[in-house]
Amino acid sequence: MGASLAFPLAAICGYLAGSIPFGLLITKAAGLGDIRQIGSGNIGATNVLRTGRKDLALATLLLDSLKAGLLALGFGLLASREVGFVAGAFAFVGHCYPVWLGFKGGKGVATYAGLLPFVSLPGFYVAAPIWLGLFALTRISSLAALTAAALVPPGAWLLGERNMFILCGLALLSLFVFWTHRANLGRLLKGQEPRFGAKKDTPDA
């Protein structure tokens, strides 16, 4: 597959796949209505968990991760790791701004996490323990996500990632995570971001 075709094809396929709102589809299929009408109104796994259905939240998390990861893997095998990264990155964009929902989607944490194992294992080795550890300690999903996102690019480099295309791409996606979490960041700076499971826990990560 030539580069002139591979990169735009990866971007288009990634965006369309990323736009599939699994959280919305799963909760509607389960008879729980429109997930956008509860909690934070977000379509991601964190808000799906607020329905009380851990199984649906887990399914949403896996599907939102895999729609980036599998595309990154597929295009990586067909073309190159860089093309695979573009496919996964545009799945991230599609998840955050899905064409099917008027460009109002999720915040991209699961899709970002899903592409990491297939495009940069060093990045994944940084993100996974940081997110899990901080969330376990603080129960603030946004804090865990923002900290992990900030540390992925430098952490990946320290663990041996030397592909500058990938490193720069990771830096851009991490900045994008801060953009999608700008409201959460504001609440964190004011000390107003609620812990997950607390009463009035409506803001989403």
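The values are calculated or read from the model by the stated rules, or taken from the named source; none is laboratory data. Owing to the predicted nature of the structure, the values given are computational and were not obtained by experimental measurement. Neighbour counts run over all protein chains shown; Cβ positions are idealised from the backbone, glycine included. The accessibility values were calculated without ligands, DNA or RNA, using every heavy atom of the protein model including side chains. Shrake-Rupley method; radii C 1.70, N 1.55, O 1.52, S 1.80 Å.
When nucleic acids and ligands are ignored and a 1.4 Å probe is applied, Thr46 ends up with an accessible area of around 30 Å². Placing a label point 7 Å from the Cα of Arg53 along the Cα-to-Cβ direction, the residues of the range 16-37 whose backbone N falls under 19 Å from that point are 20-37.
Based on alpha-carbon atoms, the Kirkwood radius and the radius of gyration of the range 139-181 give Rg/Rh equal to 1.02. Averaging the sequence gap over all C-alpha pairs within less than 8 Å and six or more residues apart, then dividing by the number of residues, gives the range 1-101 a relative contact order of 43 percent. As a length-normalised measure over Cα pairs under 8 Å and 6 or more apart, the relative contact order of the chain settles at 21 percent. Along the range 15-23 the Karplus relation, 6.51 cos²θ - 1.76 cosθ + 1.60 evaluated at θ = phi - 60°, assigns HN-Hα couplings of 4, 5, 5, x, 6, 5, x, 4, x Hz to successive residues, with x for each Gly and Pro.
Computed over protein heavy atoms with a 1.4 Å probe, the accessible surface of the chain works out to 48 Å² per residue. Contact order for the range 124-177, expressed relative to its length and based on alpha carbon pairs under 8 Å spaced 6+ residues apart, stands at 35 percent. Label zone of Trp100 (point 7 Å out along Cα→Cβ, amide N under 14 Å): in the range 108-122 this covers no residue at all. Ligands, DNA and RNA left out, the 1.4 Å accessible surface of the chain is 71% carbon and sulfur atoms. Ranked by the mean number of other Cβ atoms within 10 Å of their residues, highest first, the peptides 172-184, 29-41, 12-24, 84-96 come out as 84-96, 12-24, 172-184, 29-41. Over the range 71-121, the reciprocal of the mean inverse Cα-Cα separation, the Kirkwood hydrodynamic radius, stands at 10.9 Å. Using the Stokes-Einstein relation with a Kirkwood hydrodynamic radius computed over Cα pairs, the translational diffusion coefficient of the range 1-158 at 20 °C and a viscosity of 1.002 mPa s comes to 136 µm²/s.
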